[in-house]
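The values are calculated or read from the model by the stated rules, or taken from the named source; none is laboratory data. Treat the numbers as computed from the prediction; the structure is a model and nothing was measured. FYI the Cβ positions are ideal-geometry reconstructions off the backbone, even for glycines, and counts take in every protein chain you see. These accessible areas exclude ligands, DNA and RNA; they are computed on the full protein's heavy atoms, side chains included. Shrake-Rupley method; radii C 1.70, N 1.55, O 1.52, S 1.80 Å.
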Amino acid sequence: VQLQASGGGLVQAGGSLRLSCAASGRPFSARTGAWFRQAPGKEREFVAAINWAGGGTYYADSVKGRFTISRDNTKNTVYLQMNSLKPEDTAVYYCAAKKYYTNTYSDPRLYDYWGQGTQVTVSS
């Protein structure tokens, strides 16, 4: 299974971007899709997650009300709609997926598949 992230770019503060993460390869059996981000000099941090079957969503406090995660089961694709972007949202964004349901979603060690990352830069 391979994850391909796309949609990053340069945007002014207050603007919007939509990231996509497409899964390819053998039948995709992941239970949860997620987005993480990593800014220079910082650890990778959780952004949002979505359960593939029921569609339940989970967000980091820093993005609640601004970001929306969604999925298209027919395309094996997870999206991250990012609105009201701030300079502090600048980071490389990674999509990830895990094979099993767990009670926590924010620990990157739980994820089995990772995309290559896409750069998001928000200028002030």
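Exposed loop trypsin sites (Lys or Arg not before Pro) only (DSSP loop, at most 16 other Cβ atoms within 10 Å): please give the longest stretch of the chain free of them, not including the sites.
No qualifying site falls inside 1-30, the longest such stretch.
Rolling a 1.4 angstrom probe over the protein heavy atoms, how many square angstrom per residue are accessible across the chain?
Value for the chain: 52 Å² per residue.
In nm, to one decimal, how far is the modelled label at Arg66 from the one at Glu88, with both set 7 Å along Cα→Cβ?
Here the answer is 0.8 nm between the modelled labels.
Where the accessible area of the chain is counted over protein heavy atoms with a 1.4 Å probe, how much of it, in %, is carbon and sulfur?
For the chain, the apolar C and S fraction of the accessible surface comes to 47 percent.
Ignoring ligands and nucleic acids, what accessible area does Asp112 show with a 1.4 Å probe (Å², nearest 10)?
Roughly 70 Å² of Asp112 is accessible to a 1.4 Å probe.
Once both labels are modelled 7 Å past Cα along the beta-carbon direction, what's the Asp107-Ala53 spacing in nm?
2.1 nm
Could you sort Tyr113, Tyr101, Tyr58 by their accessible area in this structure, using a 1.4 Å probe and putting the largest first?
Tyr101, Tyr58, Tyr113
Assigning unit charges at the beta carbon (Lys, Arg +1; Asp, Glu -1) and nothing else, what dipole magnitude in debye, to the nearest 20, does the chain show about its Cα centre?
Magnitude of the dipole: close to 260 debye.
At a probe size of 1.4 Å, how large is the accessible area of Tyr100, to the nearest 10 Å²?
150 Å²
Using a Gaussian network model on the chain with a 10 Å cutoff between Cα atoms, which of Thr102, Thr77, Thr90 fluctuates the most?
Comparing Thr102, Thr77, Thr90 in a Gaussian network model of the chain, the most mobile one is Thr102.
Can you count the Lys pairs in the chain whose Cα atoms are under 27 Å apart, with each pair 8 or more apart or on different chains?
For the chain, qualifying lysine pairs total 10.
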